[in-house]
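Okay, so here's the structure we're looking at.
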Amino acid sequence: MNYKKYIKTLIVYIVLFYTYPSIAGESSGMPQMVIPDFVPQLVWLFIIFPLLYLSMKYVALPRISEIIANRNLKIVNNFDKAEEIKNKIDAANKEHQIAIQETNKQIKSLVNEISQKNIEEAEKKLHECQNNINKIIDEEKIKLENEIKSFNKNIEKISNDAVGEIIEKIYFIKPDKTKVKFAINKFVESYDND
C-alpha cells in the first residue's frame, strides 16, 4: 500500500514540476536544482545507482575483502613464522651457550691436566738436574782431591828437587836427598800446624 502511495506522490511531483517551466527559468541557482531537469536526473539516478551498487557489492567489495583477508592471513602467517624463527634462534642460542660452557669446561680441565703434567715433568727434570749436578759435583770433588793429592806428591818431589838444585848452585855441593826431604817434611808439618 505504501508503495502505491509513494508512486502516486512521485508522479504528482513530476507532473507539477515538469509543467511549470516558468519557475525553472526564473531561478538563477545551481543547474542541478532546476525543477524541470529533475526527471532526467532521477531517471539516470535510478539507472546508474543500482549499477554502481551492484558492481560494488558483487565485484569490487568482494575483491577488496578478499585482498584484506589474504593480507590478514599473510600477516598472521608472517607472525607465526617470525615466532617460530625466534624460537629456533633462542634454541640455537641456548645450544650455543651450552656448547660454549662445555668447551670452556673442557679447556679448563685440559689446561689443569696440562699444567699438572708440566709441573710433574718439571719436578722430574729438576730432580734429574739436581741428581746430575750432585753427581758432577761429586766427580769433580774426587778429581780435585786426586789432583790435590797428586799435586802434593808432585810438589814434594818438585820442592825436593828445587831445594837440592838451589843448594847445589849456592854451595856447589850435591846435597843428600834424604836430609833435604826430611827438612822439607818438617817445614810442611810446621806450616800445616799453623
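The values are calculated or read from the model by the stated rules, or taken from the named source; none is laboratory data. Since this is a predicted model, take the numbers as computed values, not measurements. As a convention, Cβ positions derive from the backbone with ideal geometry for all residues, glycine included, and neighbour counts pool all protein chains shown.
Values computed for the structure shown
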| quantity | calculated |
| --- | --- |
| So Glu165, is it at pLDDT below 85 and surrounded by 10 or more Cβ atoms within 10 Å (Cβ to Cβ) | yes |
| Every residue from segment 153-165 that is free of Cβ contacts under 8 Å to residues at least 12 places away in the same chain and closer than 12 Å to Ile184 by Cβ | Ile155, Lys157, Ile158, Asp161, Ala162 |
| Candidates Ala82, Ala24 - the one that is out of contact with any Pro (no Cβ under 8 Å at 6 or more places or on another chain), surrounded by 10 or more Cβ atoms within 10 Å (Cβ to Cβ) and at pLDDT below 90 | Ala82 |
| Test: Lys177 is among the charged types (D, E, K, R), surrounded by 10 or more Cβ atoms within 10 Å (Cβ to Cβ) and in contact with a Gly (Cβ under 8 Å, 6 or more places away or on another chain) | yes |
| Restricting segment 168-194 to residues that are outside any helix (DSSP H, G or I) and not β-branched (Val, Ile, Thr), the residue that is modelled with the lowest pLDDT | Asp194 |
| Residue within segment 123-142 that is exposed (fewer than 10 other Cβ atoms within 10 Å of the Cβ), within 30 Å of Glu189 (Cα to Cα) and of a type in the set (A, V, I, L, M, F, W, C) present | no |
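To keep it simple, each residue is scored yes or no on (1) at pLDDT 85 or above; (2) outside any helix (DSSP H, G or I); (3) of a type in the set (Gly, Ala, Ser).
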site: Ile107; (1), (2), (3): yes, no, no
site: Val111; (1), (2), (3): yes, no, no
site: Asn118; (1), (2), (3): no, no, no
site: Ala122; (1), (2), (3): no, no, yes
site: Cys129; (1), (2), (3): no, no, no
site: Asn134; (1), (2), (3): yes, no, no
site: Glu139; (1), (2), (3): yes, no, no
site: Phe151; (1), (2), (3): no, no, no
